[in-house]
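The values are calculated or read from the model by the stated rules, or taken from the named source; none is laboratory data. Note that this is a predicted model, so its numbers are computed, not measured. Cβ coordinates were reconstructed from backbone atoms using ideal geometry, including for glycine residues, and neighbour counts include every protein chain displayed. Note: accessible area is taken over every heavy atom of the protein model, side chains too, but ligands, DNA and RNA are not part of it. Shrake-Rupley method; radii C 1.70, N 1.55, O 1.52, S 1.80 Å.
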Amino acid sequence: MACARRRTLVALTALLTVTAGLPGTHASAAASAAPSPVAAPDRATAERWTVDLAVRGGDDVNVAWRSGRLRLADPRPGTRTRPAATGGPVAEGILLAAPRTLDRPATRVRARLAARTADGGGATAQVRGWRARGWTEWRDAAEAVFDQPVTRVQARVVLTTRDTASEAAVTGLTLTADRVAVTAAQPAAARTYRVYATRIGLVGGVTANGHTVATRDHFAALPTRRGLSPRGTGDYTVKVCTTSGSRCEYAPVWDVGPWNTRDDWWNPPAVRENWKDLPQGLPEAQAAYQNGYNGGRDQFGRTVRNPAGLDLADGTFWDGLRLSDNAWVDVTLLWTGGGARAVVGSGPLNLRTGASTAYPSRGLAATSAHVPVQCYVTGQRISGTYRTTTRWYRLVGGTYVSHAYLSSIYGGTVPRC
């Protein structure tokens, strides 16, 4: 009977998430799982490559390549093998492949995943694409269609197990990029919602991207991997503010949680990974806690004891926002909008009300955060990590940061104010 439960699965373009008894797929999502039909591709422009699954760098998390298979290095759920913010009953690991520069821009990526799973193990291939204003969100690679051409593609493999008896192994991943007709979406203002935020704590634990939580750390967690930044980056950054607007922090998303791991609650139902019958902007945990949605439980069957849709590391919670208890906050998902971005190379930076350290601070911008810049002014001369300069940037919302601590700017030109 044990052999009967084991199966070797090759996922073609119709199915890229291979699971064996894992929790997390709500019934309302089943009918919408298949990708929407798109126009036939131009086969002459198709580009195919095999993803290198060897584990080499510090950006891979709890995975090992042995005997021609990618597996979890430690399949036992625990504080160092699961997202710190969820405390979920599964171990997980992520292989992050190097980005590939395409021969020509593409609007679709599909994948072929060779995986073996059993007894509660899971294997998923995900991709994202680079366009002028930054990376798209991560998408399951069954058929990832981007709203505008991308010039680079990056893949990752996510493995999960619920105990040492589970199996999750991948032997190969092949991607194909091509062009299909799409309707280009014009960059709009980044999406902002009011959600309940809790404090992560858990110093010494490991986040979903492999970061070890430090005392008074600065980062955020969202209940999905779609907006999970690779370790040491702020590719996906949130701006979190108190409801009065008196304090804000720009923080990179480095963990998954609270409660769920497949709830991109800011996306519309047609795009949302799970819980597609909920209104856009409503986290599943909030619906479960307030309205008894899903029997008042999260994707793992746990009773939801607060409505949190966002977790904040201690430094963001205490120093950035100066919160003393869990609270409602206004959160902006910055990658959902357009415009120029500056990368904070050395932080946390004070968000000043003017172009000088003499002005009051209204919050912080964490190291690695990508902050939206409107224009620049001449202000106090600052000697910082990257340069000595009198240039200050005004951010969306009216606060200022010195150019001395910013490592790069992308996504557009920045005019003088």
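Please state, rounded to one decimal and in Å, the Kirkwood hydrodynamic radius that segment 75-230 gives when every pair of distinct Cα atoms enters the mean of 1/r.
Working: mean 1/r = 0.0578 Å⁻¹.
Mean inverse Cα-Cα distance, inverted, gives 17.3 Å.
For the pair Val180 and Ser246, what calculated FRET efficiency results from E = 1/(1 + (r/R0)^6), where r is the Cβ-Cβ distance and R0 = 45 Å, to the nearest 0.05?
Values: r = 47 Å, r/R0 = 1.04.
Step by step, r from the Cβ atoms, then E = 0.45.
Running a GNM on the chain with Cα contacts under 10 Å, which residue among Thr81, Thr367, Thr389 ends up with the highest mean-square fluctuation?
Fluctuation is largest for Thr389.
Springs between alpha-carbon pairs under 10 angstrom, Gaussian network model over the chain: which of Trp328, Trp254, Trp265 fluctuates most?
Checking each option, the largest mean-square fluctuation is seen for Trp328.
Based on the alpha carbon coordinates of the chain, what radius of gyration and maximum Cα-Cα distance (Dmax) apply, in Å?
21.3, 73
Ignoring ligands, DNA and RNA, please state the percent of accessible area on the chain from carbon and sulfur, probe 1.4 Å.
About 49 percent, which is the carbon plus sulfur part of the accessible surface.
Tell me, what is a quarter of the convex hull surface for the C-alpha atoms of segment 138-214, in nm² with one decimal?
Working: hull surface 37.8 nm².
Projected area, direction-averaged: 9.4 nm².
With every protein chain left in place, what is the accessible area of Arg416 in Å² (1.4 Å probe, nearest 10)?
Ignoring ligands and nucleic acids, Arg416 comes out at about 140 Å².
May I ask which residue of Ala132, Ile94, Ala111 lies farthest towards the positive end of the charge dipole of segment 79-166, with charges of +1 (Lys, Arg) and -1 (Asp, Glu) on Cβ and the Cα centre as origin?
Projecting each Cα onto the dipole axis, the largest value belongs to Ala132.
Dividing the convex hull volume of the Cα atoms of segment 193-319 by its residue count, what figure in Å³ per residue is obtained?
102 Å³
Quick one: length gained pulling Thr50 to Arg66 fully straight, 0.36 nm per residue minus the C-alpha distance?
Working: separation 16, 0.36 × 16 = 5.76 nm, distance 1.79 nm.
Full extension from Thr50 to Arg66 adds 4.0 nm.
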